[in-house]
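Working notes for the structure below.
Where a number appears in this text, it was derived from the coordinates with a stated rule and is not lab data. In this text, all values refer to a predicted model and were calculated from it rather than measured experimentally. We place every Cβ from the backbone using ideal geometry, glycine too, and count neighbours over all the protein chains shown.
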């Protein structure tokens, strides 16, 4: 029997993936430690529907601790797909003393889960959620997996790259099936409250100026949540240890994005500029050719349509 293990199951992407798997009739074990990086009640709401499904099991556990408890929830004959989405998020908060949280939750936890997966055996795939933050500030765009040398520009990016390298090592040395997906600026319903679009939309609804770090000319390759979930599902069968970009093909400036948002919301939006923060990068832009070649993945949701969906969600 095939089962799915989703770490970070109560988060933005994890809960959306969990609901998708359950809608397909899958059996899902979800793990989340409910860190208070943002309001944990938001995470509880994210998984409220899943908790009503008898095919879903929630384990409130810490991945950096002993994972022996997992053996009680998977039979040795089960074919297991692991979606490792759990991580401590946030580029700006990763500086200073908080870095210990990032090494624990992003590196130690990944190593721990890899060890458990290897010892257990019977793993169909270990799908790791990496990040565009591993690239830093490359001189040439778009960012490509085979030509852009990863040089992170933040402590957060360092931990995501370290974990990605650990996944690759377990595939190269121990034969653990895996794939790493480098997400580029994911947005949509359930987006974390600290992320740009969520903040922008809530400010606009409340008639407040939108806060923008820097001059607004920085660009991002925005990727809608449904496209990311599609990539995660396709990645189940990509087991060669590759790292692939998932970028939405919506690379635009923040200023253009805010103009689009104003059109979607049909209201005037004021902008309040402030200094750039440590770790912020001027541009992101993904080449998604490898994901298309290997998995047939390509983004399908436009920025305007994606923003409409997030606006509708936040207004509900």
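Need one word for the chain: rounded, prolate or oblate. Basis is the Cα gyration tensor (sqrt eigenvalues a ≥ b ≥ c); a/c below 1.5 gives rounded, then a/b vs b/c decides.
Judged from the Cα gyration tensor, the chain comes out prolate (a/c at least 1.5, a/b above b/c).
I want the antiparallel fraction of DSSP beta bridges within segment 207-306, as a percent rounded to 5.
The answer is about 45 percent antiparallel.
Could you please tell me the mean projected area of the C-alpha convex hull for segment 201-300, averaged over all directions and given in square nanometres to one decimal?
Averaged projected hull area, Cα only: 7.7 nm².
For segment 122-234, with equal point scatterers placed on the C-alpha atoms only and solvent neglected, what are the log10 I(q)/I(0) values from the Debye formula at q = 0.10, 0.13, 0.15, 0.18 1/Å, to two decimals?
With one equal scatterer per Cα and no solvent, log10 I(q)/I(0) is -0.39, -0.64, -0.82, -1.08.
Sort 300, 64 by Cβ crowding within 10 Å, fewest neighbours at the top.
Starting with the residue having the fewest Cβ neighbours, the order is 300, 64.
Provide the percentage of antiparallel DSSP beta bridges, counting only those with both residues in segment 15-134; round to the nearest 5.
The antiparallel fraction comes to roughly 0 percent.
Of all DSSP beta bridges in the chain, what percent run antiparallel (nearest 5)?
Working: 4 of 43 bridges.
Here the antiparallel bridges make up roughly 10 percent for the chain.
Before anything else, pin down the relative contact order of segment 229-316: Cα pairs under 8 Å, at least 6 apart, normalised by residue count, whole percent.
With pairs under 8 Å counted, the relative contact order is 47 percent.
Please give, to one decimal in nm, the separation of the simple spin-label points placed at residue 36 and residue 206, each 7 Å out from Cα toward the Cβ.
2.1 nm
Rounded if a/c is under 1.5, else prolate if a/b is larger than b/c, else oblate: which is segment 132-196, with a ≥ b ≥ c the root eigenvalues of its Cα gyration tensor?
Oblate shape, in that a/c is at least 1.5 and b/c is the bigger or equal ratio.
Where Rh denotes the Kirkwood radius from the mean inverse Cα pair distance, what is Rg over Rh for segment 5-65?
Rounded to two decimals, Rg/Rh equals 0.94.
Which length gain, in nm to one decimal place, applies between residue 140 and residue 2 when the Cα-Cα distance is subtracted from 0.36 nm times their residue separation? Intermediate results must be reported in sequence, preceding the final value.
Working: separation 138, 0.36 × 138 = 49.68 nm, distance 4.20 nm.
Full extension of this stretch gives 45.5 nm more.
How long are the semi-axes of the equivalent ellipsoid of segment 51-196, taking √(5λ) for every eigenvalue λ of the Cα gyration tensor, in whole Å from largest down?
27, 19, 15
At a Förster radius of 22 Å, what calculated FRET efficiency corresponds to the Cβ-Cβ distance of residue 65 and residue 174, to the nearest 0.05?
Rounded to the nearest 0.05, the efficiency is 0.50.
Need one number: the % of Cα-Cα pairs in segment 216-257 sitting beyond the 13 Å mark.
Numbers: 521 of 861 pairs.
Percentage above 13 Å: 61.
Want the number for residue 45 to residue 195: 0.36 nm per residue separation, take away the alpha-carbon distance, what's left?
Gain on extension, residue 45 to residue 195, equals 52.2 nm.
What is the distance in Å between the Cα centres of segment 100-116 and segment 241-256?
26 Å
How do 164, 139 line up, fewest other C-beta atoms within 10 Å first?
139, 164
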